[in-house]
Amino acid sequence: MIKSMTGYGRAVCQVHGRTITVEIKSVNHRYFDCSVKLPRVYMFLEDPLKKALQGGVSRGKIEVGVMIEEQAGDNIQVRFNEPVFDAYYQAMQAMREKYSLRDDISVVALSRFPEVFTIERRDVNEAELTDDVLQTANAALKDFTTMRAREGEKLYADLAMRAGVISNMVDAIAARAPQISQQYLEKLTARIREILEGAAPDENRLLTEAAIFADRAAVDEEIVRLRSHISQLTQLIESDTAVGRKLDFLIQEFNREANTIGSKANDIALSRIVVDLKAEIEKVREQVQNVE
């Protein structure tokens, strides 16, 4: 069954002394567009994450957020930069003596100066971390896919219902269309008799005019194509593959046939059905924008 392009998934894993959190969210987009938010030190994870997501998602604007927290301090080391500290201390002493300032130099004050302390992170095992993050990402992707499938069920129900509504409208057009030519012939006959003051009109000429009108107003081909489109729509929304782009194209074809019928309609009742048909097709088009 179809899936929605909108979804959210999250997973947290504690592995190898780290807490890894991956969040995935997506909104509608014509193509696959994935962005990954990572701390700069972990940018080597960006490409593997994008490839993993692309394997499970066909299209949509996807944002992936990754947080990596060290559970133990073994991976982080704070170093005291003694030469820098000495330089600051000597400079402050010189300033104190030259300007006769109160001696309030403290460790806390000196420690706040840049580069007195440096934070070093031990070398990261990139292969190990990549595996751990991808494991977490796959769990988040599973949650994400589940939500998109649930939303897809709602889309399916709505599109299936609207396919039925459109089918009924096409049936109404098919029932109404033959009556239009007959009514045209009757009106034309009555009008000519009125002009001829009751005299019998030329039957052959009347039939010829009616035939020309019927051919010009015929919508049989459009009805056949619309019914074919409805069948395709039903098949596509039952598919387990990504069919959003195909549905986009199919809805354009729906509109094409509806517009053609509307341009041929020379009947108020038929025109009203076409207006309702186009409104229903527009509702389908809006929903299709959410389908992967």
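Here are a few things to note about the model shown:
- When K37, K50, K61 are checked against the criterion of being under 22 Å from the mean Cα position of the chain (by Cα) and surrounded by fewer than 12 Cβ atoms within 10 Å (Cβ to Cβ), K37 stands alone in meeting it.
- Residue ID - surrounded by the most Cβ atoms within 10 Å (Cβ to Cβ), chosen from residues in region 121-172 that are among the basic types (K, R) and more than 30 Å from R79 (Cα to Cα): R148
- Filter pass, K278 being touching a Leu at 6+ places or on another chain (Cβ under 8 Å) and free of Cβ contacts under 8 Å to residues at least 24 places away in the same chain: no
- Options R193, R245; residue that is among the basic types (K, R), in the same structural domain as R162 (by TED's automatic domain parsing), closer than 30 Å to R59 by Cα and modelled with pLDDT under 95: R245
- Number of positions in region 243-281 that are of a type in the set (D, E), part of a helix (DSSP H, G or I) and within 20 Å of D171 (Cβ to Cβ): 4
- Hits in region 1-19 - residues which are surrounded by fewer than 23 Cβ atoms within 10 Å (Cβ to Cβ) and either part of a strand (DSSP E or B) or of a type in the set (G, A, S) (or both): Y8, G9, R10, A11, V12, C13, Q14, V15, G17, R18, T19
- Among the criteria (1) modelled with pLDDT under 90; (2) surrounded by 15 or more Cβ atoms within 10 Å (Cβ to Cβ); (3) among the β-branched types (V, I, T), the one V22 does not fulfil is (1).
The values are calculated or read from the model by the stated rules, or taken from the named source; none is laboratory data. Values in this document were obtained by computation on a predicted structure and should not be read as measured data. Here Cβ is always computed from backbone atoms with ideal geometry, including for glycine, and neighbour counts include all displayed protein chains.
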